[in-house]
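Peer 1: Handing you a structure now.
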Amino acid sequence: MCGRFDNLIARDAYRGLFKAQRLPKSNFPLRYNVAPTDRIPIVRIDPRDGEREVVMARWGEVGVDAKTGKVLENKKEGRHPD
């Protein structure tokens, strides 16, 4: 997977843009080249109380080996963590 994107939304703007009730305590910098293994802010609904919150998460596609069922670390090369 070669997809990359940027994240130019300032931390405090998430509250207004996405009506997020909770933000991470630490500040997250603007990113101009986000790779699939980078942790980035995402907006989600907290299943405990239904409030919108911003949390840090990795993004990308998770591959699974069809024969063994193991999660692949690098889907393109077909390697899995051992």
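The values are calculated or read from the model by the stated rules, or taken from the named source; none is laboratory data. This structure is a prediction, so every number in the text was calculated from the model and none was measured. We place every Cβ from the backbone using ideal geometry, glycine too, and count neighbours over all the protein chains shown.
Peer 1: Which of the residues belonging to region 52-66 are surrounded by 12 or more Cβ atoms within 10 Å (Cβ to Cβ) and modelled with pLDDT of 80 or more?
Peer 2: Within region 52-66, 52, 53, 54, 55, 56, 58 qualify.
Peer 1: Another question about this same structure. Which pairs have Cβ atoms under 7 Å, sit 6 or more apart or on different chains, and link a residue in region 42-53 that is in a loop (DSSP other than H, G, I, E, B) to one that is of a type outside the set (Ser, Thr, Tyr)?
Peer 2: 46/53; 51/21; 51/22
Peer 1: Among residues belonging to region 5-42 that are in contact with an Asp or Glu (Cβ under 9 Å, 6 or more places away or on another chain) and under 26 Å from residue 72 (Cα atoms), point out the one that is surrounded by the fewest Cβ atoms within 10 Å (Cβ to Cβ).
Peer 2: Residue satisfying both the conditions and the ranking: 33.
Peer 1: Name the pairs whose Cβ atoms lie under 8 Å apart, with the first residue in region 17-36 and within 10 Å of residue 7 (Cα to Cα) and of a type in the set (Lys, Arg), the second surrounded by 10 or more Cβ atoms within 10 Å (Cβ to Cβ) and at pLDDT 80 or above, and 6 or more positions between them or separate chains?
Peer 2: 31/6; 31/7; 31/38; 31/40
Peer 1: For region 38-50, what are the residues that are touching a strand residue (DSSP E or B) at 6+ places or on another chain (Cβ under 9 Å) and either over 19 Å from residue 9 (Cβ atoms) or of a type in the set (Lys, Arg) (or both)?
Peer 2: Answer for region 38-50, where residues must be touching a strand residue (DSSP E or B) at 6+ places or on another chain (Cβ under 9 Å) and either over 19 Å from residue 9 (Cβ atoms) or of a type in the set (Lys, Arg) (or both): 39, 44, 46.
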